[in-house]
1. Among the residues of the range 110-136, write down those that are buried (at least 24 other Cβ atoms within 10 Å of the Cβ), over 16 Å from the mean Cα position of the chain (by Cα) and under 23 Å from residue 231 (Cα atoms).
2. Look through 170, 193, 126 and report the one residue that is in the same structural domain as residue 92 (by TED's automatic domain parsing) and at pLDDT 95 or above.
3. Looking at (1) at pLDDT 95 or above; (2) farther than 18 Å from residue 187 by Cα; (3) under 20 Å from the mean Cα position of the chain (by Cα), which is the only condition residue 297 fails?
4. Would you mind finding the one in 84, 107, 38, 77 that is more than 19 Å from the chain's Cα centre (by Cα) and at pLDDT below 95?
5. Hey, could you check the range 20-29 for residues that are without any contact (Cβ under 8 Å) to a residue 40 or more places away in the chain and either buried (at least 16 other Cβ atoms within 10 Å of the Cβ) or closer than 19 Å to residue 338 by Cβ (or both) and say which is farthest from the chain's Cα centre (by Cα)?
6. Can you tell me how many residues within the range 241-268 are without any contact (Cβ under 8 Å) to a residue 60 or more places away in the chain and in a helix (DSSP H, G or I)?
7. Given the conditions (1) part of a helix (DSSP H, G or I); (2) touching a strand residue (DSSP E or B) at 6+ places or on another chain (Cβ under 7 Å); (3) touching a residue at least 60 places away in the same chain (Cβ under 8 Å), which single one is not true for residue 234?
């Protein structure tokens, strides 16, 4: 097969919903990958599922296993509803599922994504490919980021690919040689701060725009040990909860000021990392680079203004479908590469001892 019809499923670090993207992927006569996102939705989790996922790291082993199984069945129900709504019966070759990351501790040789593939396959009656990170971790890698293979094959025209989800992560394309890592926490922090204002997120960045910069808070955030660490490196939700969020409690300033300062922190870190990459990889001036930006953070107008002011690189925002579902599209591609027994996680990005073809297949 040179063309594939795949459902890509992505549940991100914000744990707020399931992205489902029905994608067409293929290889043209010149050997270049092509793609289209035909149908896509984000299905918001009900409160009980959101809370269960958020609190799972503090539960016992039997609760973890039950949730892994039940979440697989639940995703299967959401997929069946999606297929029925969009009249896609008999039009899907297989499902590629990222699952929901609960523990990401590559230093302990583990990364766990729940959402039982066997349960998902049983409920939908479709083949399922998932659990893409564990082979890389077993080979000594970070198990992340796994997106750069998709950036390399689907978006080769861009020097930088920035995703603004719960975590801001960056892919660097140096003429086909790839690098990538997590820059800093993004929406995970902004959304958590917004909750104290009774809002799930800061719509358009209005509250951040209304705030004032706190120089001492910004300095403390910028001096975090993580930013002194060399790639490959990744962040997990546990670090955000245990290390980053407690910093804000030491500052008796308004939530608006905290949001404003954290937006400045994210934009500043991205600016510094782009400049550093251009220097480290001899890529030329930042102003000569093209950077595609996707993820929920794109809809934070104030943040995007600050990013464009600071980043220097040309910031390119694609159509809304790609902004919202690029990660689900790339998960679909990872599934296709696994089906074809081709590399889908790059050791040059993760620090593993070898490239890997990761993913478990349930047929």
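The values are calculated or read from the model by the stated rules, or taken from the named source; none is laboratory data. Nothing here was measured: the structure is a model prediction, and the numbers come from that model. Backbone-built Cβ (ideal geometry, glycine too); neighbour counts: all protein chains shown.
1. Selection gives 136 alone.
2. Exactly one residue qualifies, and that residue is 126.
3. Result: residue 297 passes all but (2).
4. Unique residue meeting the criteria: 107.
5. That would be 27.
6. The total comes to 15.
7. For residue 234, the exception is condition (1).
Each row is one residue, and each column tells you yes or no for (1) surrounded by fewer than 17 Cβ atoms within 10 Å (Cβ to Cβ); (2) modelled with pLDDT of 95 or more.
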residue: 1; (1), (2): yes, no
residue: 6; (1), (2): no, yes
residue: 11; (1), (2): no, yes
residue: 14; (1), (2): no, no
residue: 18; (1), (2): no, yes
residue: 31; (1), (2): yes, no
